[in-house]
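To keep things clear, I will list the structure first and then write my remarks on it.
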Amino acid sequence: MNQTTLNALALFPLQLEAHFAAIPADFRRWAPPSWHGVPSEPFTAIEQLCHVRDLETEGYQSRIRRTLHEEHPLLLSIDSGALAVERDYTHADAAEVMMAFRDARARTIVMLTALTPDELLRTAEFEGYGTVTLRSLAHYLCSHDQQHLAGLQWLLGKIEATRAR
C-alpha cells in the first residue's frame, strides 16, 4: 500500500476537524444561494461531516470487505442526497459525528494495512469508476477526503463573501 496515501488517510480526521472548526458556528448549517462550483457534494458544513462519516462505513469499508471476500462484486454508488434527508444531517451533533468518524477511519486504516500484496490486487466493478482494485479503492477514498476539505474551504469562501456584504 502506498505510504503517502495511508498517511493522508490517517491524518484526514484531524484535517476535517480543523476545517470544520474554521467554519463560524452560525454558518455550520448554512447553505449558499447557489452551489455552482462546489468541489464536493452540495452539503452544508455539518452535512459534509455526516456524509464523510457515512461514506466511510457504508461506502468504503463495505466496498473493501466485499472486494476482499467476493469475486469481482458490483459496488454501487450511494445516493448521498437521499441519505442526508433520511438521516436528517442538518440537525446532527458535530462532536458525535466527528467521534464516530475518527473511530471508523481508525478501523479503515487497520483494514487497509492488514491487506497482503495479493489482496490489494483483488478487483471489483465500482459504479461510475469501472474496474477497481482494493489498492485503487484506497486512492479513491483519499481523493474523496480531499474533495470534502475543498468543499469546506469553498463554503468558507462563500461565507466570507456573504459576510462582506
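Of Pro32, Thr131, Pro117, which is farthest on the positive side of the dipole of the chain, counting Cα position, with +1 on Lys and Arg Cβ, -1 on Asp and Glu Cβ, and the Cα centre as origin?
Value: Pro32.
Please report how far the C-alpha centroid of the stretch 1-49 lies from that of the stretch 109-165, rounded to the nearest whole angstrom.
A separation of 12 Å, based on Cα centres.
Using alpha carbons only, how many degrees (0 to 90, rounded to 10) separate the axis of helix 3-22 from the longest principal axis of the chain?
Here the helix axis deviates by roughly 20 degrees.
Could you tell me the calculated FRET efficiency between His69 and Leu14, based on Cβ-Cβ distance and R0 = 41 angstrom, to the nearest 0.05?
Here the calculated transfer efficiency is 0.85.
Does the stretch 89-144 come out rounded, prolate or oblate by the C-alpha gyration tensor, with a ≥ b ≥ c the root eigenvalues, rounded set by a/c under 1.5 and, if not, prolate when a/b is larger than b/c and oblate if not?
Cα axes put the stretch 89-144 in the oblate bin.
What net charge do the residues around Gln61 carry, taking every other residue with its C-beta under 12 Å from that of Gln61, with Lys and Arg at +1 and Asp and Glu at -1?
Cβ neighbours under 12 Å give a net charge of +2.
When only C-alpha pairs under 8 Å and at least 6 residues apart count, what is the relative contact order of the chain, in percent?
Working: 165 pairs, mean separation 63.0, N = 165.
RCO, the chain: 38 percent.
In vacuo Debye scattering of the chain, one point per C-alpha: log10 I(q)/I(0) at q = 0.11 Å⁻¹?
Computed log10 I(q)/I(0) values: -0.46.
Report the paramagnetic label zone for Gln146: residues of the stretch 46-64 whose backbone N is under 17 Å from a point 7 Å from Cα along the Cα-to-Cβ axis.
none
Please label the shape of the stretch 1-42 as rounded, prolate or oblate, based on the square roots a ≥ b ≥ c of the eigenvalues of the alpha-carbon gyration tensor (a/c under 1.5 means rounded; beyond that, a/b larger than b/c means prolate, else oblate).
Verdict is oblate for the stretch 1-42.
Please identify the chymotrypsin sites (Phe, Trp or Tyr not before Pro) of the stretch 46-120 that satisfy two criteria: DSSP loop assignment and at most 11 other Cβ atoms within 10 Å. Which are they?
none
Read the figures in this text as sums done on the coordinates, not as results from a lab. Since we're looking at a predicted model, the values are computed, not measured. Reconstructed Cβ throughout: ideal geometry from the backbone, glycine too, with neighbour counts over all protein chains shown.
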